[in-house]
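Here is the structure we will look at.
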Amino acid sequence: DTAVSQTPKYLVTQMGNDKSIKCEQNLGHDTMYWYKQDSKKFLKIMFSYNNKELIINETVPNRFSPKSPDKAHLNLHINSLELGDSAVYFCASSQELGNNSPLHFGNGTRLTVT
Amino acid sequence: GDSVTQMEGPVTLSEEAFLTINCTYTATGYPSLFWYVQYPGEGLQLLLKATKADDKGSNKGFEATYRKETTSFHLEKGSVQVSDSAVYFCALRRAGGFKTIFGAGTRLFVKA
């Protein structure tokens, strides 16, 4: 009965490759997010979708492209991976856009680029 | 812009000690405030929240009070346990806003 699930949990790849991370939530939430956590645990929002519509697109390189086929899924595709992309990527969801709604996080995908 | 500042860690305490992790924020209007906890190898989980001034959020023995006059939301626990060892994040979300802004996180180590 996992609420927000991400796959894979670990991803090790070489520079220049293209990879995808998948995320699914079974909470019935309308809004989904991708966050990046660096080695110092700092969390930075990357993208957010509400009802399959992109509503947040931070200053992220064009190599990162989110895709939301439906409200329950938000995938992240990364082209031409670079060493600096190594981080833990978290998917999250929330019930509504209002400020009271907490985020529900997946367990993260640890990406290592060699 | 909106921001959250937390005390730097790591914080190391002995079991049953009193915990305070300071958090202050900068935001226009009246944001909601949150504390999240991240255990090793896991995602963040909501610990507690407060949505207006003077509200107190509480959960699992942790408490934090929304102080508008000092723009603070300090996390406290009267007696920590080894199982409380984790990284704690203070966060805010502005009314009508789409983003949750996180502090840098504070790592807590509790020794037996």
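The values are calculated or read from the model by the stated rules, or taken from the named source; none is laboratory data. If you're wondering where the values come from, they're calculated on a predicted model, not measured in any experiment. Please note: Cβ atoms are built from the backbone with ideal geometry, for glycine as well, and neighbour counts cover all protein chains shown.
A few comments on the model shown:
- Residues that are more than 15 Å from B:Ser32 (Cα to Cα) and within 12 Å of the chain's Cα centre (by Cα), drawn from the range B:52-62: B:Asn59, B:Phe62
- Any hit, the range A:3-21, residues being charged (D, E, K, R), at pLDDT 95 or above and in contact with a His (Cβ under 6 Å, 6 or more places away or on another chain): no
- Considered as a group, the residues in the range B:65-88 that are within 14 Å of another protein chain (Cβ to nearest Cβ) and of a type in the set (A, V, I, L, M) include one that is nearest to B:Tyr39 (Cα to Cα), and that residue is B:Ala86.
- In the range B:24-74, counting only strands (runs of 3 or more DSSP E) that sit wholly within it, the ones holding 3 or more residues that are crowded, with 17+ Cβ neighbours inside 10 Å and out of contact with any His (no Cβ under 8 Å at 6 or more places or on another chain) span B:32-38, B:44-50.
- For the range A:47-74, the set of residues classified as modelled with pLDDT of 90 or more and either surrounded by 19 or more Cβ atoms within 10 Å (Cβ to Cβ) or of a type in the set (Ser, Thr, Tyr) (or both) consists of A:Phe47, A:Ser48, A:Tyr49, A:Ser65, A:Pro66, A:Ser68, A:Leu74, listed by residue number.
- Tabulated pairs, the range B:1-21, first in contact (Cβ under 8 Å) with a residue 60 or more places away in the chain and aliphatic (A, V, I, L, M), second part of a loop (DSSP other than H, G, I, E, B) and surrounded by fewer than 13 Cβ atoms within 10 Å (Cβ to Cβ), C-beta under 9 angstrom, 6+ apart or interchain: B:Ala17/B:Ser79; B:Leu19/B:Gly78; B:Leu19/B:Ser79
- Options B:Val80, B:Val110: the member that is in contact (Cβ under 8 Å) with a residue 40 or more places away in the chain, over 23 Å from A:Met32 (Cβ atoms) and part of a loop (DSSP other than H, G, I, E, B): B:Val80
- The set of residues from the range B:22-59 being β-branched (Val, Ile, Thr) and over 15 Å from B:Thr70 (Cβ atoms) comprises B:Thr28, B:Val37, B:Thr51.
- Selection of strands (runs of 3 or more DSSP E) fully inside the range A:73-114 by the criterion of at least 2 residues being of a type in the set (Ser, Thr, Tyr) and within 14 Å of chain B (Cβ to nearest Cβ) returns A:87-94.
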